[in-house]
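A short write-up of the structure that comes next.
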Amino acid sequence: MKKRIAGIVLIVLSVGALGFWELWGRENITYDRVLVLKESLPKNTLITADMLRERKVEKAGEGAIRTEQRNEIVGLETGQFIPAGTELYKEYFQESIFSVGEEQGKYILSVPAQWLKAFPQTLRRGDRAFFYCGGEPVTDAVVAYVRDGTNQEVYYGDDERLTSSSSVSLIEIVVDKEQAALLGKLAEKGNKFVVLYY
């Protein structure tokens, strides 16, 4: 009788241990914890902590960003489109091209409409704009904001920029002091710029 009870207890303990391992143990003990995005993000999006979530994977890829490395990517921006739920790697991110301030020596310059001779209506945030004057290149800068006549950001419904939320009326770019001074001096002389982008 004692052997039978001991056998039943061993079976119950074995089944319980197996259930514990399959339902909780395997994932929480042997799986890697990596960071993924809650939602898909386009290129040039600044990463904040609330955009990230943890995902457990059986075997993380080499170089995948672990949960404890969260602070290493917060404050960076996406260097490409990243789908939600994909394991994140440092190669997906870059220092923000929109960083401005005394420390960086970069500033936001609003380009008045009277300075412009022509500019593309498909221009958007993150593009590199090239300023030409009299057919010669003057400078280039990252586009920080592209706004319509009501000061709202212009958005595009697709990656090919075939549909937009509005027409572009105002362009703001990231420049240093030298670039701002150069554009200002040329504009003071009555010059107008043609803007191209890639």
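The values are calculated or read from the model by the stated rules, or taken from the named source; none is laboratory data. Just so we're clear, the structure is a prediction, and the values are computed from it rather than from any experiment. Cβ placement follows ideal geometry from the backbone for every residue including glycine, while neighbour counts extend to all protein chains displayed. Surface areas here come from the heavy atoms of the whole protein model, side chains and all, with no ligands, DNA or RNA. Shrake-Rupley method; radii C 1.70, N 1.55, O 1.52, S 1.80 Å.
Of the residues that sit in the stretch 154-171 and are open to solvent by 30 Å² or more (accessible area, probe 1.4 Å) and not in a loop (DSSP other than H, G, I, E, B), which one is modelled with the highest pLDDT?
The first filter runs over the stretch 154-171 and keeps only residues open to solvent by 30 Å² or more (accessible area, probe 1.4 Å), leaving 155-167, 169-170.
After this cut, where a residue has to be not in a loop (DSSP other than H, G, I, E, B) as well, the list is 156, 164, 170.
Numbers: 156: 80, 164: 78, 170: 91.
Checking each candidate, the answer is 170.
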Hey, residue 35 modelled with pLDDT of 75 or more and open to solvent by less than 60 Å² (accessible area, probe 1.4 Å) or not: yes
Count - residues of the stretch 62-83 that are part of a loop (DSSP other than H, G, I, E, B), open to solvent by 30 Å² or more (accessible area, probe 1.4 Å) and over 20 Å from residue 126 (Cβ atoms): 2
Hits in the stretch 84-104 - residues which are surrounded by fewer than 12 Cβ atoms within 10 Å (Cβ to Cβ) and farther than 22 Å from residue 33 by Cα: 95, 101, 102, 103
In the stretch 51-61, the residues that are more than 22 Å from residue 142 (Cβ to Cβ) and either part of a strand (DSSP E or B) or open to solvent by less than 60 Å² (accessible area, probe 1.4 Å) (or both): 52, 53, 54, 55, 56, 57, 60, 61
Any pair with Cβ under 7 angstrom, 6 or more apart, that starts in the stretch 165-188 at a residue that is without any contact (Cβ under 8 Å) to a residue 40 or more places away in the chain and ends at one that is open to solvent by less than 40 Å² (accessible area, probe 1.4 Å): 165/154; 166/148; 166/154
Test: residue in the stretch 182-194 that is surrounded by 11 or more Cβ atoms within 10 Å (Cβ to Cβ), within 26 Å of the chain's Cα centre (by Cα) and over 21 Å from residue 43 (Cα atoms): no
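Of all residues in the stretch 88-109, which are aromatic (Phe, Trp, Tyr) and more than 27 Å from residue 65 (Cβ to Cβ)? I'd like the intermediate steps shown before the answer.
Applying the first criterion (aromatic (Phe, Trp, Tyr)) to the stretch 88-109 yields 89, 92-93, 98, 107.
Correct list: 107 only.
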